[in-house]
Every structure is written in structure tokens, then in C-alpha cells.
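To start, the structure itself, in C-alpha cells.
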């Protein structure tokens with residue numbers, strides 16, 4: 001497959017970012033420490049095939065097969081890889097209209113996704129349509145601020161999950177956008193929307209208690225808004241303890257992660273890679289043994 005990969009590399013936070021919970025020294029296998037590679041997507045919108053010829057600058061970009069090739073290559077090169085998605089897997093091409101999301105979930109399962117959160121378009125076929133497709137997904141759905149207790153989706157989702165990668169414990173939780181006014185009420189029924197800031201603070205406390213070395217938020221709140229609507233930028237500035245926010249919803253193309261200071265002054269990375277699987281985000285965290293610090297390197301890889 002002919003791949004044109006445009007890599008944009010940057011070193012985030014020259015001296016590194018303070019580690020929230022350092023690993024015990026005797027847990028390190030090597031002096032150089034441990035490297036974690038986080039790969040991520042958002043707002044795929046049922047883009048199964050690449051954009052067809054005649055799509056201008058998007059021609060030939062995207063597509064699940066090309067993404068799978070990139071992911072396979074990176075996994076062959078790196079020992080500890082976490083593959084995440086920030087929602088809106090559904091809606092956008094005839095594949096969703098015909099298969100209702102089955103193909104998307106099956107292909108993501110074959111690619112070995114670890115987790116995703118829910119976007120507003122994942123409700124486009126209602127709670128029944130979403131529930132019907134869940135058996136096709138061999139990955140976790142993480143959503144902390146939707147309460148499905150009084151719906152048919154009760155107990156189908158987790159607020160967070162801890163992933164063990166080498167000597168590292170990675171805590172991941174999900175946040176969704178307010179559905180009222182964005183999604184027809186009939187499509188989400190009695191699903192309750194809970195304050196994402198309060199839920200995020202609770203998730204961080206829980207994951208710190210679990211001694212996680214890195215805390216990641218999968219967010220479908222959106223990158224930024226001109227009004228007071230909660231966004232990834234506002235969340236980072238309001239909540240202590242999040243290391244990385246992987247965003248979605250606003251289809252924002254970032255060449256490198258945005259760095260925001262939390263209330264305590266710690267650095268929070270925010271990244272989002274557009275839409276339709278055009279880009280695959282990559283952030284490498286290198287955890288160093290002696291300094292108990294991590295340095296990050298980011299890339300945006302065109303899927304072509």
C-alpha cells in the first residue's frame with residue numbers, strides 16, 4: 001500500500017511533565033524506564049473507505065484498512081501501545097445507513113481498540129440501535145457522566161478502566177456532551193446527563209487511589225467554544241490530575257497537543273485529530289526511572 005505519511009513532531013514541556021504517581025524503583029526493568037505509545041482517533045463517522053477521487057485534498061485519505069496498516073506497523077515497533085477513540089463512530093456514510101454500526105464496531109475490534117467513549121451521533125439509531133450493535137464491539141465503552149440506570153443500556157458501560165502496560169498503570173475515563181438540544185429526546189430517552197467537571201474530579205480521585213501512573217480522559221465535549229459551554233480547554237483548567245485529554249466532537253485538527261495548566265499548575269495535554277479517520281494521533285510518554293518524570297513526543301500521521 002502506498003502511504004504518504006506526514007509527521008509533525010514536537011517536544012512538549014522541555015524538562016518534562018511532573019509524574020502524578022511515580023513507579024517504585026524496583027518495578028523498572030531497565031535504567032531507561034518505560035515508554036508508552038498512545039494512539040487515538042475521533043469522529044470517524046462511518047468512514048470505512050478512503051475519501052474517493054474527486055474529494056479534493058481529501059482524496060485517498062482515511063479508511064479503516066489504511067488505518068489498520070499504520071496501527072499494525074506501530075505495534076510491531078513499540079512494546080506498550082494503547083489505542084483509544086473519542087466517540088462519534090457512527091453516522092456519515094451509507095455503511096451506517098445500511099448496517100447500523102455493525103461494520104464499524106467489527107473493524108475497530110479487529111484493529112484492537114482498547115476503549116472509546118460515546119459521542120452524540122452514536123445515539124442516531126436510538127438506545128435500541130446502540131444496544132443492538134454492542135455485541136460486535138470487543139473493546140470497552142467508557143462514560144462517566146451519562147446515567148443509563150433507567151434505560152435498556154443499564155450496566156452496559158463503565159465509567160473508567162485501568163490498563164496495565166508493562167510496569168505502568170494507565171487510568172482512562174470517558175465524558176460525553178450534553179445530549180439535550182443536540183440529540184432528539186426519543187433517541188436517548190431517560191439517559192441522565194451529569195456534570196462533567198464533578199464527574200471528572202471524582203474519576204481522578206478514584207484513579208489516584210488506584211495509584212495510576214497516567215490519567216487519560218476520553219472526551220466528546222468539544223475542544224473550545226466562545227460561550228460558557230464546558231469544553232476540553234475549560235475542563236483542563238478546572239480539574240487537577242488529568243494528564244491527557246483526547247477530544248472529539250468539534251472536528252478540530254491539531255498539529256500538536258495544546259498545553260493547559262490545571263488549577264494546581266500542572267500541565268494537561270489536549271489533542272484532537274479532526275474527523276473521518278483522516279489522521280491517526282500518536283503521543284509517546286517516556287517514563288524515566290531516576291527523575292520519575294515523563295517527556296512526551298507527539299505526531300499526527302495522515303492515513304493515506
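The values are calculated or read from the model by the stated rules, or taken from the named source; none is laboratory data. Predicted model, so just to flag it, every value in this text is computed and none were measured. Here the Cβ positions follow ideal geometry from the backbone for every residue, glycine too, while neighbour counts run over all protein chains shown.
Being surrounded by fewer than 16 Cβ atoms within 10 Å (Cβ to Cβ) and farther than 18 Å from residue 106 by Cβ is the filter; apply it to the stretch 43-70 and report the residue that is nearest to the chain's Cα centre (by Cα). Explain how you work it out, then say what you get.
Going residue by residue through the stretch 43-70, those that are surrounded by fewer than 16 Cβ atoms within 10 Å (Cβ to Cβ) are 49, 52-59, 65, 69.
After this cut, where a residue has to be farther than 18 Å from residue 106 by Cβ as well, the list is 52-59.
Details: 52: 26, 53: 29, 54: 30, 55: 27, 56: 28, 57: 25, 58: 23, 59: 25 Å.
My answer is 58.
Residue 224 meets the conditions (1) surrounded by fewer than 20 Cβ atoms within 10 Å (Cβ to Cβ); (2) more than 28 Å from residue 61 (Cα to Cα); (3) in contact with a helix residue (DSSP H, G or I) (Cβ under 7 Å, 6 or more places away or on another chain) in every case but one. The failed one is (2).
Could you count how many residues in the stretch 175-213 are touching a residue at least 60 places away in the same chain (Cβ under 8 Å) and loosely packed, with under 15 Cβ neighbours inside 10 Å?
Of the residues in the stretch 175-213, the ones touching a residue at least 60 places away in the same chain (Cβ under 8 Å) are 175-177, 182-183, 186-189, 191, 208, 211-213.
When the remaining residues are screened for being loosely packed, with under 15 Cβ neighbours inside 10 Å, the result is 182, 186, 211.
So the answer is 3.
Scan the stretch 140-180 for residues that are modelled with pLDDT of 95 or more and assigned to a loop (DSSP other than H, G, I, E, B) and the total you get is 18. Could you say whether any residue in the stretch 112-121 is surrounded by fewer than 21 Cβ atoms within 10 Å (Cβ to Cβ), closer than 19 Å to residue 271 by Cβ and touching a strand residue (DSSP E or B) at 6+ places or on another chain (Cβ under 9 Å)? Yes, the conditions are met somewhere in the stretch 112-121.
Being touching a helix residue (DSSP H, G or I) at 6+ places or on another chain (Cβ under 9 Å) and in contact (Cβ under 8 Å) with a residue 12 or more places away in the chain is the requirement here; does residue 142 meet it?
Values: touching a helix residue (DSSP H, G or I) at 6+ places or on another chain (Cβ under 9 Å): no; in contact (Cβ under 8 Å) with a residue 12 or more places away in the chain: yes.
In short, no.
Look at (1) surrounded by fewer than 19 Cβ atoms within 10 Å (Cβ to Cβ); (2) closer than 16 Å to residue 108 by Cα and you find that residue 87 fails only one, number (1). Residue 166 falls short on exactly one of the conditions (1) buried (at least 18 other Cβ atoms within 10 Å of the Cβ); (2) in contact (Cβ under 8 Å) with a residue 60 or more places away in the chain, and that condition is (1).
Counted as qualifying within the stretch 194-304 are the strands (runs of 3 or more DSSP E) with 3 or more residues that are over 22 Å from residue 34 (Cβ atoms), namely 258-261, 293-302.
So which residues in the stretch 183-193 are in contact with a helix residue (DSSP H, G or I) (Cβ under 6 Å, 6 or more places away or on another chain) and assigned to a strand (DSSP E or B), if there are any at all? Walk me through how you get there before you give the answer.
We begin by selecting, within the stretch 183-193, every residue in contact with a helix residue (DSSP H, G or I) (Cβ under 6 Å, 6 or more places away or on another chain); these are 183, 187-189.
Within the stretch 183-193, just 183 meets the criteria.
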